[in-house]
Amino acid sequence: MTREDIKKQFPDATDEQISALLDINGNDLTAAKKNNVEPKVLKQLQADSAAYKKLQEAGLSDEEKIQKTLAEAEAAKADFQRKSNRLDVEKILVGAGLTEEDYKDLIDGLVSEDADASKTLATSLATMLTKQKEAAVQKTKEELMDGTKKPGDNGGNGGEPDDDEEESDAAQFAQQYTAQYVTEV
């Protein structure tokens with residue numbers, strides 16, 4: 001960046017302000033150059049790191065190598081067990097009518113390395129949700145049935161409409177039809 005570049009962007013800038021901006025820019029460039037690693041040096045460092053790891057492993061005794069391999073195998077086994085248990089838990093939850101969206105925030109808390117514990121937790125959750133769903137359905141049915149009149153029930157006075165209730169359109173039509181078309185025998 002030059003003084004002319006700064007003058008173009010800030011025409012009202014004083015010489016002191018321009019000098020301060022150039023100093024700041026120079027300091028930034030110097031710091032960036034210090035922290036920048038040349039690609040050639042970077043490749044050499046990466047090669048040295050790989051060689052160091054090989055030397056480290058070569059320095060291990062046979063027993064240490066076996067222990068390291070066993071530890072890696074145990075970690076892989078535990079990871080596989082958690083994934084397997086997760087599938088079992090998902091199967092239980094889906095069987096209970098839940099979608100992935102429903103259980104996505106809960107499933108990590110249900111899954112562990114212990115298959116029986118994972119399945120027990122999932123089954124308990126599914127049972128609880130099923131009971132709540134059935135209770136909600138039953139309650140809704142009861143509420144709907146409470147508001148429904150029985151056929152022929154006009155308020156419990158022997159089939160006669162209440163004085164304050166109007167007859168339904170169908171009842172009025174039936175009376176008009178009967179009066180107009182049906183002749184008494």
Residue hits (the stretch 11-41; at pLDDT below 80, not in a helix (DSSP H, G or I) and not acidic (Asp, Glu)) are Asn36, Val37
Can we say Ala71 is surrounded by 11 or more Cβ atoms within 10 Å (Cβ to Cβ), under 40 Å from the mean Cα position of the chain (by Cα) and of a type in the set (A, V, I, L, M, F, W, C)?
no
Looking at (1) of a type in the set (A, V, I, L, M); (2) under 30 Å from Lys133 (Cβ atoms); (3) surrounded by 12 or more Cβ atoms within 10 Å (Cβ to Cβ), which one does Leu60 not meet, given that it meets all the others?
(2)
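In the stretch 109-126, which residues are of a type in the set (Ser, Thr, Tyr) and in contact (Cβ under 8 Å) with a residue 24 or more places away in the chain? Reasoning before the result, please.
We begin by selecting, within the stretch 109-126, every residue of a type in the set (Ser, Thr, Tyr); these are 112, 118, 120, 123-124.
Matches in the stretch 109-126: Ser112, Ser118, Thr123.
From Lys91, Lys65, Lys77, which residue is part of a helix (DSSP H, G or I) and within 18 Å of Thr127 (Cα to Cα)?
On the way: Lys65 fails: within 18 Å of Thr127 (Cα to Cα); Lys77 fails: within 18 Å of Thr127 (Cα to Cα).
None of the others qualify; the one that does is Lys91.
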Report, ordered by the first and then the second residue, all pairs with beta carbons closer than 8 Å, sequence separation of six or more or different chains, a first member in the stretch 129-140 that is over 17 Å from Ile92 (Cα atoms) and at pLDDT 90 or above, and a second member that is among the hydrophobic types (A, V, I, L, M, F, W, C) and surrounded by 10 or more Cβ atoms within 10 Å (Cβ to Cβ).
none
Scan the stretch 1-28 and report the pairs whose first residue is in contact (Cβ under 8 Å) with a residue 24 or more places away in the chain and surrounded by 10 or more Cβ atoms within 10 Å (Cβ to Cβ) and whose second residue is outside any helix (DSSP H, G or I) and of a type in the set (A, V, I, L, M), with Cβ atoms within less than 9 Å and a gap of 6+ or a chain change.
Asn25/Met1
Is it fair to say Gln44 is closer than 30 Å to Thr120 by Cβ, assigned to a helix (DSSP H, G or I) and at pLDDT 85 or above?
no
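The values are calculated or read from the model by the stated rules, or taken from the named source; none is laboratory data. Computed from a predicted model, the values in this text were never measured in an experiment. Here Cβ is always computed from backbone atoms with ideal geometry, including for glycine, and neighbour counts include all displayed protein chains.
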